[in-house]
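Only one structure is covered here, and it is reproduced in the block below.
Throughout, read-outs are computed from the coordinates displayed, never taken from laboratory work. Here the structure is a predicted model, which is why all the values come from computation and not from measurement. Cβ: placed from backbone, ideal geometry, glycine included. Neighbour counts: every protein chain shown.
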Amino acid sequence: MKLQVAMDVLTVEAALELAGKVAEYVDIIELGTPLVKNAGLSAVTAIKTAHPDKTVFADMKTMDAGELEAEIAFSAGADLVSVLGSADDCTIAGAVKAAKAHNKGIVVDLIGVADKVTRAKEARALGAKFIEFHAGLDEQAKPGYNLDVLLSAGEEARVPFSVAGGVNISTINAVQRAGADVAVVGGSIYSADDPALAAKELRAAII
């Protein structure tokens, strides 16, 4: 299982600082949507230039103009770009078209999708590299939120998938047991007193 850090910082400088601390322990460096919106895709270029050996994920959460938005992100240096699972099939297909032209990948993010299992299978059939079973920060803040809902859906869908939504040192083994290809960790790394140590411990926990 690969480890992905989701960098929900807001500036290129902060992203470069964080990536520099944790890159040796992670496989995928994700530029979170707030970072992409605040700093622009120059942040993607900066991270890819600094860490050319890492997979760089631009979390665009594209909902429309799939081919165009993916093309822009891939041209900036992204290896993976996200499209929302709630987008129209043609939006996902357009993004996949751009990915194929660049020999890159599209990740379909199921945040906000009610029937995650069905949509995961549909998105995979449309050409997504993998599917992200994702609960956003707002959903995680709700009383009674439980990561197990995502893990169960991922297991049932039987597609290549990642899990994002409160993954930490106490849950990462459950994520791996569920069969996830990628564990996405955000706050447990970037909000840690020592992000490098947090990333190192998460890496060590993966069997």
Stokes-Einstein D (µm²/s) once Rh is taken as the Kirkwood radius of the chain over alpha-carbon pairs, at 4 °C in 1.567 mPa s: 78 µm²/s
Residues listed by number, the stretch 1-23, amide nitrogen under 13 Å from residue 50 label point at 7 Å toward C-beta: 7-23
Reachable lysines from residue 37, criterion Cα separation under 24 angstrom, eight or more residues apart if same chain: 21, 48, 54, 61, 97, 104, 129
Helical segments meeting 18 Å axial Cα length and Kyte-Doolittle 0.0 threshold in the chain (DSSP H): 89-102
At R0 = 22 Å, FRET efficiency that the Cβ-Cβ distance of residue 10 and residue 139 yields, to 0.05: 0.55
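Count the net charge of all other residues whose Cβ sits under 15 Å from the Cβ of residue 194, scoring Lys and Arg as +1 and Asp and Glu as -1.
Working: positive: 21, 200, 203; negative: 17, 24, 193, 201.
That works out to -1.
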The chain, helix-only ellipticity at 222 nm - DSSP H runs n ≥ 4, -39,500 (n - 2.57), divided by all residues, nearest 500: -13000 deg cm²/dmol
Around residue 9: net Lys/Arg minus Asp/Glu count, Cβ-Cβ under 13 Å: -3
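What full-extension length gain, to one decimal in nm, is calculated for residue 75 and residue 206 as 0.36 nm per residue of separation minus the Cα-Cα distance?
Numbers: separation 131, 0.36 × 131 = 47.16 nm, distance 3.24 nm.
Contour length minus Cα-Cα distance gives 43.9 nm.
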Inter-site label distance for residue 115 and residue 103 at 7 Å from Cα along Cβ, in nm: 3.8 nm
Cα centroid of the stretch 33-67 to Cα centroid of the stretch 134-186, whole Å: 22 Å
